[in-house]
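Asks: The structure follows.
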Amino acid sequence: MTVPKVLILGAGYGGLMTAIHLQRDIQYNEAEVTLVNKHNYHYMTTHLHEPAAGTAPQEAVKVNIDEIINTDLIHFRKGTVEAIDPKEKRVILHDGELHYDYLVIALGSEPETFGIQGLREYAFGITSLNAVRTIREHIEYTFSRYHEEGEQESYLTIVVGGAGFTGIEFVGELADRMPDLCRQFDIPREKVRIISVEAAPTVLPGFDKELVEYAMERLQAKGVEFRINTPIKSCTAEGIELANGENILSKTVIWTGGVRGNHLLEEAGFETVRGRVKVDPALRAPGYEDVFVIGDASVVFTKEGRPYPPTAQIATQQGENCAKNLLSLLRGGTLEEFTPSIQGTLASLGRSDGIGVVGKIRLKGGSARLMKKASDLRYLYKLGGVSLVLKKGRLFG
């Protein structure tokens, strides 16, 4: 009897949680499970802004896959996915191909630039461990060159496009780091400009007005400038041009203004909206009973017909649900519909500040930051139990 092959693409929040739950519940010889990922580590995307700003080490957001995956139960294949062929039930890697009976696509997202001229060529993105290392080193380099380049303001001007979670959390961390960075390079703090640019009428969409006002006030007190309801028209090596005609000279432009699904989904022929697959209630791609799509690659709608935002919280829950449904298929059972359980929304404003909503309780200040840390520790516990919490938990401020 042939053992069914389950193939999981991507070790982000959704893919890794699928693998962990299968590893926990699958029976001997029930399926051959393979996890494919570009790197031999998982990184916590929601915390990439910290090493990007230089306020946390990269190790804080990185978890080696062999620390949490039992390779006797889950095969791990380090590789880059180049194409998905759902009709032939195969996945093409840079160094070979794999066949499957059941496929889980959890390849994450890509930056959405909305056609803004020059953004792909000249802006940085908080997208991976390598990307955030580049951002941190670039900021340090521009500061080190300030006096050598005739004290041009553009070397100390940092523009962050997008004022959603990533953008706001990044400017909060960056503002906290500025005093140390300025001392290191002998630069007056008042010379540094951190500018948050947002096309929408408000920062942090989804939060109520009072919490948004608190966040902006706290960040402005740290020296952050805001350009709200002001789209970026173009980006060059010299800075950005705004739709209102303002030009901001900057050697450092960082884009956090939106994401879309992985391009491989469109190329594979799946029906997508901005690269994301509108999955069925059991998280399967329409027309494919053997293909699950989770995380940022998928889109799930509320009862009112609005899409849920692509968050780590939802991706993690999708991974848990996906694992249950895979086991059910293997055992001839019925599938369980996925219903997100939104347990709270939290955003940091630096190392000791934040805002959030947990249930009906609104939080701000230190209590919100502590709640966010508790949420981080809970996730680490889900990944690797007490041992991982003890190893990684101390690295979160």
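The values are calculated or read from the model by the stated rules, or taken from the named source; none is laboratory data. As the structure is a computational prediction, the values presented were derived from the model and not from experiment. Because the Cβ atoms are built from the backbone with ideal geometry, glycine has one as well, and the counts that use them run over all protein chains shown. These accessible areas exclude ligands, DNA and RNA; they are computed on the full protein's heavy atoms, side chains included. Shrake-Rupley method; radii C 1.70, N 1.55, O 1.52, S 1.80 Å.
Asks: Which helices (runs of 4 or more DSSP H) does the stretch 91-186 wholly contain that include 1 or more residues that are small (Gly, Ala, Ser) and in contact with a Lys or Arg (Cβ under 9 Å, 6 or more places away or on another chain)?
Replies: Details: elements: 119-122, 129-145, 165-185.
Counting at least 1 such residues, we get 165-185.
Asks: Against the conditions (1) surrounded by 20 or more Cβ atoms within 10 Å (Cβ to Cβ); (2) more than 30 Å from Ser367 (Cβ to Cβ); (3) modelled with pLDDT under 95, where does Leu346 fall short? Just the number, please.
Replies: (2)
Asks: For the condition under 14 Å from Gly172 (Cβ atoms) and at pLDDT 95 or above, what is the one hit in Ser196, Ser250? It would help to see each step written out before you state the result.
Replies: Details: Ser250 fails: under 14 Å from Gly172 (Cβ atoms).
Step by step, each of Ser196, Ser250 is checked, and only Ser196 is under 14 Å from Gly172 (Cβ atoms) and at pLDDT 95 or above.
Asks: Can you name the residue in the stretch 129-158 that is small (Gly, Ala, Ser) and in contact with a strand residue (DSSP E or B) (Cβ under 7 Å, 6 or more places away or on another chain) and is also nearest to Pro57 (Cα to Cα) among such residues? Give the derivation first.
Replies: Just the residues of the stretch 129-158 that are small (Gly, Ala, Ser), to begin with: 131, 144, 150, 154.
Narrowing further to those that are in contact with a strand residue (DSSP E or B) (Cβ under 7 Å, 6 or more places away or on another chain): 131, 154.
Values: Ala131: 14, Ser154: 27 Å.
Checking each candidate, the answer is Ala131.
This table checks each residue for (1) within 19 Å of His49 (Cβ to Cβ); (2) buried (at least 19 other Cβ atoms within 10 Å of the Cβ); (3) in contact with an Asp or Glu (Cβ under 7 Å, 6 or more places away or on another chain).
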site	(1), (2), (3)
Ile126	yes, yes, no
Leu129	yes, no, no
Gly167	yes, yes, no
Cys182	no, no, no
Ile187	no, yes, no
Val197	yes, yes, no
Ala215	yes, yes, no
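Asks: Could I ask something else about it? Among (1) aliphatic (A, V, I, L, M); (2) over 25 Å from Leu265 (Cβ atoms); (3) over 21 Å from the mean Cα position of the chain (by Cα), where does Ala60 come up short?
Replies: If we test Ala60 against (1) aliphatic (A, V, I, L, M); (2) over 25 Å from Leu265 (Cβ atoms); (3) over 21 Å from the mean Cα position of the chain (by Cα), just (3) comes out false.
Asks: Within the bounds of the stretch 304-311, is there any residue that is acidic (Asp, Glu), open to solvent by 10 Å² or more (accessible area, probe 1.4 Å) and without any contact (Cβ under 8 Å) to a residue 60 or more places away in the chain? Let's see the steps before the verdict.
Replies: The first filter runs over the stretch 304-311 and keeps only residues acidic (Asp, Glu), leaving 304.
Cutting the leftovers down to open to solvent by 10 Å² or more (accessible area, probe 1.4 Å) gives us 304.
Narrowing further to those that are without any contact (Cβ under 8 Å) to a residue 60 or more places away in the chain: 304.
Among the residues of the stretch 304-311, at least one is acidic (Asp, Glu), open to solvent by 10 Å² or more (accessible area, probe 1.4 Å) and without any contact (Cβ under 8 Å) to a residue 60 or more places away in the chain, which makes the answer yes.
Asks: To continue, here is another question. Return the only residue of Glu97, Glu67 being of a type outside the set (S, T, N, Q), open to solvent by 50 Å² or more (accessible area, probe 1.4 Å) and more than 24 Å from the chain's Cα centre (by Cα). Before you say what the answer is, go through the steps one by one.
Replies: Working: Glu67 fails: more than 24 Å from the chain's Cα centre (by Cα).
None of the others qualify; the one that does is Glu97.
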